[in-house]
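The values are calculated or read from the model by the stated rules, or taken from the named source; none is laboratory data. In this text, all values refer to a predicted model and were calculated from it rather than measured experimentally. As a convention, Cβ positions derive from the backbone with ideal geometry for all residues, glycine included, and neighbour counts pool all protein chains shown. Note: areas computed on protein heavy atoms with side chains; ligands, DNA, RNA excluded. Shrake-Rupley method; radii C 1.70, N 1.55, O 1.52, S 1.80 Å.
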Amino acid sequence: MKGSMVLIDAGRAAFMRNGRLHDLLVDPKSDDPTPRPEAIYRGILARPLKGMHGAILQLPDGQSAFLKDAKGLAPGMPLLVQVSTFADAGKAAPVVRKLLFKSRYAIVTPSNPGINIARSIRDEDERDRLLLIAHTVMLDGGEGLILRSICNGTDGDVIAKDIAQMLRTCRDVMSDSAANSPALLLDAPLAAERGWRDWEHPDQLIDTDGCFADHGVLDDIDIALQAVVKVGNTAWISIEPTQALIAIDVNTGGDFSPAAGLKTNLAATREISRQLLIRGLGGQITIDFAPMTKKDRIKLETALKAEFRRGAVDTILAGWTPLGNMELQRKRERFSLRKAMK
């Protein structure tokens, strides 16, 4: 089927384009207590980590968090914090004190005043229109605001309503900072909510039970639960998550022509980006690309950067190792598909 489609089924949301799965979001199980990225807590500072200038915070339900910068903070202090990434197994959840209240059209930033508009919106008349909408709703309340790129050309009333709703949420949370017990003040968005917030407007939305099976999403999920994924007719990639990192191997298969290395590697970049999204993988990633000349690395880096820019997860290209592998650092902001399917 041509065009884009969003499917919502049993705590999962899928974005399809031209009949192919491009993105997948899954909810954790209801009894999973793991603090999730974007959730906002009132934590209690439990123990400073002097050598690291950080601190361990107490969260509700026996959970703990790690705050990187805790200078000048004393044990027992209540702090509003937001989970930044998923923690490794057995470790405290990384949190930050700069809170972000993110919706489809706007991001409210209580610790960073001022109104900013996405750089991708370049038309001056449109920027002036959006500034007027923002100032009308914000009323110099002291919070900051970022208008996202999707605001470009969107009806002003829709944007204003979205800003007002997120501003109310922000103020409700910020007003609940002084109590002396840990608490979850704002839960992380579920898969359907996050898909609505972050994905482009689809041509079609289906939220009926069984729609994943009807449109082939379950087949893509089965592939994503396997290590090896085909790329083209003969090439393949292997994706192996370990405790320390995610190892990816790119192979040309039976193609031994001089151009096979670069050709396969360029095709693999598209599949790697897609598979990392579907599998919900992040952290340190090492890619062993198929053999190619060093001069072709620039073409490959350009392709990698373009693919990850189109994705929804911050990914940094750290560079090439002495052995010729590419190292990446990818934010752990998604729930692992493999963990969700256990």
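Which peptide among 81-92, 200-211 comes first, and what is the full order, when sorted by highest mean count of other Cβ atoms within 10 Å?
Details: 81-92: 17.5, 200-211: 12.4.
Ranked from most to least packed, the peptides come out as 81-92, 200-211.
Based solely on C-alpha atoms, express the radius of gyration and the Dmax of region 55-135 in angstrom.
In order Rg, Dmax, the Cα atoms of region 55-135 give 17.7, 52 Å.
If the cut-off is a Cα-Cα distance under 18 Å, which lysines reach LYS342, setting aside same-chain residues fewer than 8 apart in sequence?
Cross-link targets: LYS29.
Can you give the Kirkwood hydrodynamic radius for region 193-279, in Å, rounded to one decimal and based on Cα pairs?
Values: mean 1/r = 0.0657 Å⁻¹.
Kirkwood radius, region 193-279: 15.2 Å.
Could you tell me what percent of the DSSP beta bridges with both partners in region 1-159 are antiparallel, to the nearest 5? The partial results should precede the final answer.
Working: 34 of 41 bridges.
Counting DSSP beta bridges with both partners in region 1-159, the antiparallel share is about 85 percent.
Where a ≥ b ≥ c are the square roots of the eigenvalues of the C-alpha gyration tensor, would you call region 153-308 rounded, which needs a/c under 1.5, or, failing that, prolate if a/b is larger than b/c, or oblate?
Numbers: a/c = 2.20, a/b = 1.97, b/c = 1.12.
Here region 153-308 falls in the prolate category.
In whole percent, what relative contact order does the chain give with Cα contacts below 8 Å and a gap of six or more residues? Walk me through the numbers before you get to the answer.
Details: 656 pairs, mean separation 62.0, N = 342.
Computed value for the chain: 18 percent relative contact order.
To the nearest 0.05, how large is the calculated FRET efficiency for ARG20 and HIS135 if R₀ is 41 Å and r is the Cβ-Cβ distance?
Numbers: r = 42 Å, r/R0 = 1.03.
Working from the Cβ atoms, E equals 0.45.
Run through the DSSP bridge list for the chain and note the antiparallel percent, rounded to the nearest 5. Before the final figure, lay out each step's value.
Details: 57 of 71 bridges.
The antiparallel fraction comes to roughly 80 percent.
Just the number, please: carbon plus sulfur as a percent of the accessible area of the chain, 1.4 Å probe, no ligands or DNA/RNA counted. Could you put the intermediate results ahead of the total?
On the way: 9340 of 17980 Å².
Carbon-and-sulfur percentage of accessible area, whole number: 52.
Note down the accessible area of MET292, probe 1.4 Å, to the nearest 10 Å².
50
Hey, what number do you get for the chain at 222 nm if only DSSP H runs of n ≥ 4 count, each worth -39500 (n - 2.57), divided across all residues, to the nearest 500? Don't skip to the answer; put the middle values down first.
Numbers: 8 runs with 93 residues, N = 342.
Calculated from helices alone, the mean residue ellipticity at 222 nm is -8500 deg cm²/dmol.
Nearest 20 debye, what's the magnitude of the dipole of the chain about its Cα centre given +1 on Lys and Arg Cβ and -1 on Asp and Glu Cβ? Kindly include the intermediate steps, with their values, before the conclusion.
Values: 45 positive and 43 negative charges, 234 e Å.
In total the dipole reaches around 1120 debye.
So if each residue of separation counts as 0.36 nm, and I subtract the Cα-Cα distance between SER257 and LYS161, what length gain in nm does that give?
Working: separation 96, 0.36 × 96 = 34.56 nm, distance 5.77 nm.
Stretched fully, the SER257-LYS161 segment lengthens by 28.8 nm.
I need the shape label for region 105-154. Rule: rounded when a/c is under 1.5, else prolate if a/b > b/c, else oblate, with a, b, c from the alpha carbon gyration tensor.
Details: a/c = 2.17, a/b = 1.61, b/c = 1.35.
Here region 105-154 falls in the prolate category.
Let me understand the chain better: what is its radius of gyration from the alpha carbons, and its Dmax, in angstrom?
22.0, 67
Under 26 Å Cα to Cα from LYS2, which lysines show up? Leave out anything in the same chain fewer than 8 places away.
LYS230
Which log10 I(q)/I(0) values does region 249-292 give at q = 0.17, 0.18 Å⁻¹ under the Debye formula, counting every alpha carbon as one identical point scatterer?
-0.50, -0.55
Determine the alpha carbon to alpha carbon distance for each of LYS71/LYS91; LYS91/LYS331; LYS263/LYS295; LYS50/LYS71 and list only those over 19 Å.
Table pairs above 19 Å Cα-Cα are LYS71/LYS91.
I'd like the per residue volume of the convex hull spanned by the Cα atoms of region 83-218, given in cubic angstrom.
On the way: hull volume 23.4 nm³, N = 136.
Per-residue hull volume (Cα only) is 172 Å³.
What is the Cα centroid distance between region 193-260 and region 52-122, reported in whole angstrom?
After rounding, the separation between the Cα centres reads 31 Å.
Sorted by accessible area with a 1.4 angstrom probe, largest first, how do HIS215, HIS135 fall? Display every interim value, and only then the final one.
Details: HIS215 70, HIS135 100 Å².
Output order, biggest surface exposure first: HIS135, HIS215.
Just round it to a whole percent: the fraction of Cα-Cα distances in region 1-118 exceeding 21 Å. Walk me through the numbers before you get to the answer.
Numbers: 3701 of 6903 pairs.
More than 21 Å apart: 54 percent of the Cα pairs in region 1-118.
Calculate, for ARG119 and ARG97, the FRET efficiency according to 1/(1 + (r/R0)^6) with r their C-beta to C-beta distance and R0 22 Å; round to the nearest 0.05. Mind showing how you got there, number by number?
Values: r = 26 Å, r/R0 = 1.17.
The pair ARG119/ARG97 has a calculated efficiency of 0.30.
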